[in-house]
Amino acid sequence: MPRKINDVALMFLQEHNFLQAQKMFYINKKNNPCHQTYNNLGYYLITEGMLCSNGRIRNALEIGSRYIMEASKMDITVTNLCALVKTIDYRINRIKRCKNKKQLYENACILLKRAIDIEYSDELQYNYLRFCYLLNPSDKQILSQTRTLVLNYTSIESVSLYFEILRAYGNTIEGNRCIDMFGEYIDDVDILMYYAKTEQYEKAIPLCDKVFSQYSVDAFVASAIIECSIGINYFEKAQEFSRKIALMKSDCEYAISGISNKILTNLHSSSSYRREKINLYTSIPPYLDQCCYFGCTMHDTRW
């Protein structure tokens, strides 16, 4: 009986009939209280919100998290552990001025390690290493484990995490090898920032025009483009980029913020300021979402 009601709830959800899906999840939890029904209701609430009688949707992260926690007291499964991690990811990214990020990173690492011990997957390992790196970027074991992961699970996310760690460490030999092997998976901006950080200016120059014309220009990108141009004595090119960025900054059509005049003027004497910006750049790939509904036929999750 609970499985059939769950199937109906998920069918309504796939049809974007959120009101009926919400009703069925609530009915199933009330009539069939168990690990799966509590988890599915909680996961619905944190991902879709609560649809009120007036038609408005309100944030239901807190109440949804409580249902998922109640489910975890009944049983421990990979699906439920991932739902708990998803609540953490939402708290980090959706709560303004989240003050306890380090504790949340640590909690996510513990939960994901537990999930991996139950049933390993490359996606779980990626999410685990991602949170481990956020928790302690200086842990060299993370680089070793990410290197192994990339060879077995090559994706935009895994390669981006591997390359971000190499860029942060300034590991030139392995970073260049990573670009040679997996360059198609790496964002052009990240490669440009890596070349700027490791002072491989000649390799960066071909990317400058492409990044400038195809991507958003912020303080980090502006610093890298100008610094790389100056680094190989392309002073006129640096001045040209500086003028173009200044024009874009003054045009209200472009949403450019955070680019101080110190980046664009006094090109020689402001080098240390731009270097500081380049070194502060980070590019952490996203958390890999996994379906946390029990009994979802679309994603083949077990009941």
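Structure data summary
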item	result
Extension gain from residue 147 to residue 114, taking 0.36 nm per residue of separation minus the Cα-Cα distance	9.7 nm
Using alpha-carbon coordinates, inclination of helix 78-94 to the longest axis of the chain, degrees	50 degrees
Using alpha-carbon coordinates, inclination of helix 156-169 to the longest axis of the chain, degrees	50 degrees
Computed E for residue 209/residue 284 - FRET, C-beta separation, R0 35 angstrom, nearest 0.05	0.85
Kirkwood Rh (inverse of mean 1/r, distinct Cα pairs), the range 78-186, angstrom	14.6 Å
Inter-label distance, nm, simple model (7 Å from Cα along the C-beta direction), residue 14/residue 26	2.4 nm
Inter-label distance, nm, simple model (7 Å from Cα along the C-beta direction), residue 76/residue 188	4.8 nm
Computed P(r) (all Cα pairs; the chain; 10 Å bins; percent)	6, 23, 24, 21, 16, 8, 2, 0
Convex hull of Cα atoms in the range 1-75, direction-averaged projection (nm²)	4.5 nm²
Shape category assigned to the range 149-219 from the gyration tensor of Cα positions, a/c cut at 1.5	prolate
Proximal lysines to residue 237, defined as alpha-carbon separation beneath 27 angstrom and excluding residues fewer than eight positions away on the same chain	197, 203, 210, 249, 262, 277
Per-pair calculated FRET efficiency, R0 = 41 Å: residue 298 and residue 176 via Cβ, rounded to 0.05	0.50
Between helix 172-182 and the chain: long-axis angle, C-alpha atoms, 0 to 90°, nearest 10	60 degrees
Anchor residue 96: lysines whose Cα lies under 16 Å away (excluding residues fewer than 8 positions away in-chain)	none
Neighbour-count ranking [beta-carbon atoms within 10 angstrom, fewest first] of 113, 210	210, 113
Neighbour-count ranking [beta-carbon atoms within 10 angstrom, fewest first] of 81, 135, 280	280, 135, 81
Residues 277, 30, 23, sorted so that the one with the fewest Cβ neighbours within 10 Å comes first	30, 23, 277
Value of [θ]222 nm, deg cm²/dmol, for the chain, DSSP H segments ≥ 4, -39500 (n - 2.57) each, nearest 500	-22000 deg cm²/dmol
Computed E for residue 98/residue 232 - FRET, C-beta separation, R0 35 angstrom, nearest 0.05	0.30
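All of the numbers you see were taken from the coordinates with simple rules; none came from a lab. Quantities reported herein were computed from a predicted structural model and do not represent experimental measurements. Cβ: placed from backbone, ideal geometry, glycine included. Neighbour counts: every protein chain shown.
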